[in-house]
Amino acid sequence: MAANGVVSDKSLIVSFGEMLIDFVPTVSGVSLAEAPGFLKAPGGAPANVAIAVARLGGKASFVGKLGDDEFGHMLADILKQNSVSGDGILFDQGARTALAFVTLRADGEREFMFYRNPSADMLLKPEELNLDLIRSSKVFHYGSISLIVEPCRSAHLKAMEVAKGAGALLSYDPNLRLPLWPSADEARKQILSIWDKADIVKVSDVELEFLTGSNKVDDETAMKLWRPNFTLLLVTLGEKGSRYYTKNFRGAVDAFHVNTVDTTGAGDSFVGALLCKIVENPTILEDEAKLREVLKFANACGAITTTKKGAIPALPTVADALALINGA
């Protein structure tokens, strides 16, 4: 530990952005109006990634703002219980913790209705950031929801700049949630406004189509999103696995087939697994055989996460992932 109480070694993965509560219907395949009841499920992609990292034995910290309310303190406790450092958490006296009502369609895919007007995560100011914590990160991971409104947008840009200046790898998963944006055009514009700054970018097949305007998910479309400064571009394809692109090689890794119940958190689990392995051994980014092994591991983690309801309870340990890989 450094004198200021911040973890000072260079294995830390800092995740920046929103943490909220998903209210998930007690039965699948119904609309929100038809749902007989709801279960509380803590979520928010950046928080899920932090917990995914910690569950796999990595060092994780979360930076974001919660409401100074029962739900906000519950979420902070969940991070702590899952061995995620809370040095970057702030509480807002004036705004509530964000809520989302999520419907699980019969096929396990989701639809969202958000309560954020404004929620605490949107009110994080640049001057409130724990810059020592951000500077101590080996990887700084973020999404795009924190770009939607000020002051959080300015805090996001400042945090990225400080992390980059301290030598961190920047990891970006846009995690498109269209209902939160004023329009599709604005979403596309803002998501791409920080595109060139990242080292590692992960998009889903749906996000690839949205950002490129293409209806094809192929190498040519993916390369429209490639930038010369990228180290790694990943496209996740659900049950079809994932594709990877680096300066020197590209390819695809198959998925593991499991009994999917709920896809929530699968992408976050994949990202957490990948970032853990990169921190352990950054040379995997230059070695295709090693990268393929890591992506196989990340695909296994993503697959396991779909076998239970809710993201956080379903995030796997290393033993869970190895059992799936060795049993496949």
q = 0.11, 0.14 Å⁻¹: log10 I(q)/I(0) that the Debye formula gives for region 23-91, counting C-alpha atoms only | -0.33, -0.51
For region 120-162, give the magnitude of the charge dipole about the Cα centre (Cβ charges: +1 Lys/Arg, -1 Asp/Glu; no others), in debye to the nearest 20.
-> 160
Which net charge results when you count Lys and Arg as +1 and Asp and Glu as -1 among the other residues whose beta-carbon is under 15 Å from that of GLN93?
-> -3
Could you give the nm distance between label points at GLU70 and GLU293, where each point is 7 Å from its Cα heading toward the beta carbon?
-> 4.9
Solvent exposure ordering (accessible area, 1.4 Å, most first) of LYS10, LYS277 = LYS10, LYS277
15 Å beta-carbon shell around ASP121, net charge (K/R +1, D/E -1) = -1
Treating the beta-carbon of each Lys and Arg as +1 and of each Asp and Glu as -1, no other charges, what is the dipole magnitude of the chain about its Cα centre, to the nearest 20 debye?
-> 440
Judged on accessible area alone, 1.4 Å probe, highest first, HIS73, HIS257 line up as HIS257, HIS73
Relative intensity, log₁₀ I(q)/I(0), of region 153-247 from a Debye sum that treats every alpha carbon as a point, q = 0.16, 0.24 Å⁻¹ = -0.69, -1.35
Taking the Cβ of LYS202 as the center, what net charge do the other residues with Cβ under 13 Å away carry, scoring Lys and Arg +1 and Asp and Glu -1?
-> -4
Among (1) -0.59, -1.04, -1.21; (2) -0.52, -0.93, -1.11; (3) -0.67, -1.07, -1.20, the value of log10 I(q)/I(0) by the Debye sum over Cα atoms at q = 0.10, 0.13, 0.14 Å⁻¹ computed for this structure carries the label (2)
Would you check the accessible area of VAL318, probe 1.4 Å, heavy atoms only, in square angstrom rounded to 10?
-> 60
Under a 1.4 Å probe, counting only protein heavy atoms, MET223 has an accessible area in Å², nearest 10, of 70
Output the antiparallel fraction of DSSP beta bridges having both residues in the chain, as a percent to the nearest 5.
-> 40
Per residue of region 232-239, in order, report the coupling 6.51 cos²θ - 1.76 cosθ + 1.60 (Karplus, θ = phi - 60°) as ³J(HN,Hα) in whole Hz, putting x for Gly and Pro.
-> 8, 10, 10, 10, 8, 10, x, 6
Please list, in chain and number order, the residues 5+ apart from SER15 or on another chain whose amide H is under 5 Å from its amide H, with Hs placed from the backbone.
-> SER61, PHE62, VAL63, HIS141
Carbon and sulfur: what percent of the chain's accessible surface (1.4 Å probe)?
-> 51
In nanometres, the difference between 0.36 nm per residue of separation and the alpha-carbon distance of ALA323 and ASN259 is 21.5 nm
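The values are calculated or read from the model by the stated rules, or taken from the named source; none is laboratory data. These numbers were taken from a predicted model, which means no experiment stands behind them. As a convention, Cβ positions derive from the backbone with ideal geometry for all residues, glycine included, and neighbour counts pool all protein chains shown. We work out accessible area using only protein heavy atoms, side chains counted, and drop any ligands, DNA or RNA first. Shrake-Rupley method; radii C 1.70, N 1.55, O 1.52, S 1.80 Å.
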